[in-house]
Every structure is written in structure tokens, then in C-alpha cells.
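Working notes for the structure below.
The values are calculated or read from the model by the stated rules, or taken from the named source; none is laboratory data. This structure is a prediction, so every number in the text was calculated from the model and none was measured. Ideal geometry is used to build each Cβ from the backbone, glycine not excepted, and the neighbour counts take in all protein chains shown. Please note that ligands, DNA and RNA were not included when accessible areas were found on the heavy atoms of the full protein model with its side chains. Shrake-Rupley method; radii C 1.70, N 1.55, O 1.52, S 1.80 Å.
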Amino acid sequence: MITRKGFIQQAAIISTGIILSPSLVLSKPRKKIGLQLYTLRDSIGKDVSGVIEKVAKVGYDYVETYGYTKESKYWGLDPKAFNSLLKANNLKAPSGHYGLDLFLSTGKDEELKSYIDAANIVEHTYITVPYLGAKIRENLDDYKKIAHNLNKAGEICKRSGLKLAYHNHDFEFKQFDKGNGFDILLNETDPSLVGFELDLYWVVRGGHDPISLFKKNPGRFVMWHVKDMDKLNPKMNTEIGNGSINFKTIFDNVKASGAKYMFVEQENNYVPEPFASIAKSAKYIKKDLFLMKLV
């Protein structure tokens, strides 16, 4: 039987142990952020190993690929070799951008299956549709066809142990007589098959409010592209925290969005050069924006 005195003594010992060993306390979660490698498109093809090493050193925990084909591979590396390179630098690639215009317009799945094969080797969670060619999205009926085929692609990915996501620009918000493409893609895709990677820059540039989208469609935005807008020229990007987008308010609503992964992307206007830009963005996000663990 523990006496009151014994209880107090044990409590004191435990408290001292916590003070001496912070690992015994519920420590603050490690903050994680990813990079869309398109940001470094001018250099990654010249030295993929060196670029991946630098990405890890400046503070990123994972990356998002782009541009894979069976012929070009991942900047010349086959999926197995690229995955080994990531692991050597303690990085993961939870998502990759893969062009799916052929499948979305015709339903032909050979290309999609080649992406699935690569994605499983690289250990993706998501195959992400990065863009829609102008010829396959000319009207709302086109968007309805795309939504239908996104569901089909999502089913194929799911059978292969993967998930499908769609990445927006601003053209999806173009108003037709009876609505816009973005609403069709949201409303006519199955949430269990199709997630969304919300590009915050393109939403804001398109005149819309990301937080309003979160509230209307809770949990649908499984990934974000965190991309800032230059204060003087909204057509240009800038380092995160240096532009006009109110990321602090957006990050306060992360739970409503459903986001599990976030990728910095900067397509232009690097100061003074791309690696300095991505380092500045990572530092700002981890220090000033993250209030919770996402992954």
C-alpha cells in the first residue's frame, strides 16, 4: 500500500525524471513540409542527385515529382534508383504529378498503368493529375466527362494500393452559363476515390477564398500547394511569407481542409536564386505557420 508520503515521493521522482528527460513528455510534433520539384526544373535534370541532396539539407521532409514517363524516367533514373536516392537523403515522395489527358479524354489506360507501376516502386500515396489540356475542357460537358473518368482512374489506383488526386489551376473557376468546372469536379467525383490538391495561389488568383472551399467541402483537400503571390505583380510568385496571401489564416483552418501533405512551389521570381528561395520558404512555414503535425 502506498502511503500519502510515498505517493508524494514517487510524484517528485517522476517529475524530476520528466525534467531531466524531455522524451518522457509529449513533445511538440516535428513539423514537416514538402517541395514540388518543378520549382527546381532548371537544375534537377542536370544533377538530380545533387538537387535532391540540397532539398533535404535546406529543410524539406518530402518531395513531389513531376514529368515522369517510361522513356525519360525520373530525370534519367528508373523508379527503383530514384527511390533509393530519396531514402539516402531521408526523403519520401508521397505524391507525383502525372499527365492523364489521354485517360481522361479517351479512357485508354496504358499510360496510367505505367504511372502506377512507377508510383508503387517510389512508394507514392497519391498519383496526382497536374493539369488539363485546353482541348479537353472547353465546356461543362467536358468537365462532366473528366469527373467521370477521374472516378474510373481513382478505382484503378485504389485496386493498385494508391490514391488519386486532382491539382487545380485557375481555369477550373471559369464561369459558364450553368456553373464552373471546379464545382463539377468536386460534386461529381467520389470522395472515396478522388482527393484534391488545392493550389492556394491559383485559388486566390482566381478570385476565390480557400477557407470558404474548406468549409463547403470539408476533408476533400488532402494536399496543398503552398505558393505565394507577389505583392506588386500577382502573375508572379514569391517566397512564402513574402507575398500577399494570408497563409496564417489559411493554416488555422488546416483541419477543415483535410490536408495531410503540403508542398511549397515557386515557379518564378526567385530571390536571389531558387535554392535560397526554397530555404526561406521552408524556414518561414516551420517557424511561423505550423501549429500542428500534418503527417
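Within 10 Å, count the other beta carbons around each residue, average over each peptide in 33-43, 234-244, and list them highest first. Could the numbers behind the result be given before it?
Values: 33-43: 21.7, 234-244: 18.2.
Going by the mean number of other Cβ atoms within 10 Å, highest first, we get 33-43, 234-244.
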* To do: For the chain, find the longest principal axis of its Cα atoms and tell me its angle to the long axis of helix 110-122, 0 to 90°, nearest 10.
  => 20 degrees
* **For segment 169-275, convex hull of alpha carbons as volume per residue, Å³** => 104 Å³
* Structure fact -> Projected onto the charge dipole of the chain (unit charges on the beta-carbon of Lys, Arg, Asp and Glu, signs +1, +1, -1, -1), the Cα from Gly76, Asn246, Pro234 with the largest positive-side position is that of Asn246
* Asked: Once the Cα atoms of helix 4-20 and of the chain are each reduced to a long axis, what angle between those two axes, in degrees from 0 to 90 to the nearest 10, is obtained?
  -> 50 degrees
* Structure fact -> Rounded to two decimals, the Rg over Rh value of segment 68-182 from Cα coordinates and the Kirkwood Rh reads 1.02
* Asked: Quick one: Debye curve from the C-alpha atoms of the chain, no solvent, what's log10 I(q)/I(0) at q = 0.09, 0.12, 0.14 Å⁻¹?
  -> -0.48, -0.79, -1.04
* Could you give me the percent of Cα pairs per 5 Å distance bin for segment 191-250, shortest bin first, beginning at zero and ending with the bin that holds the maximum distance? => 4, 18, 29, 24, 13, 8, 3, 1, 0
* **aspartates and glutamates whose Cα lies under 15 Å from that of Lys80, excluding same-chain neighbours fewer than 8 positions away** => Glu71, Asp117, Glu123
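Please report the antiparallel percentage of the DSSP beta bridges confined to the chain, to the nearest 5.
15 percent
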* Helix 140-159: angle to the longest alpha-carbon principal axis of the chain, degrees 0 to 90, nearest 10? -> 50 degrees
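Averaged per residue, what accessible area in Å² does the chain show with a 1.4 Å probe, protein chains only? Don't skip to the answer; put the middle values down first.
Numbers: 14800 Å² over 295 residues.
Accessible area per residue: 50 Å².
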* Cross-link list Lys108/Lys215; Lys31/Lys158; Lys178/Lys280; Lys73/Lys108; Lys46/Lys235; Lys57/Lys227: which exceed 32 angstrom alpha carbon to alpha carbon? -> Lys108/Lys215; Lys178/Lys280
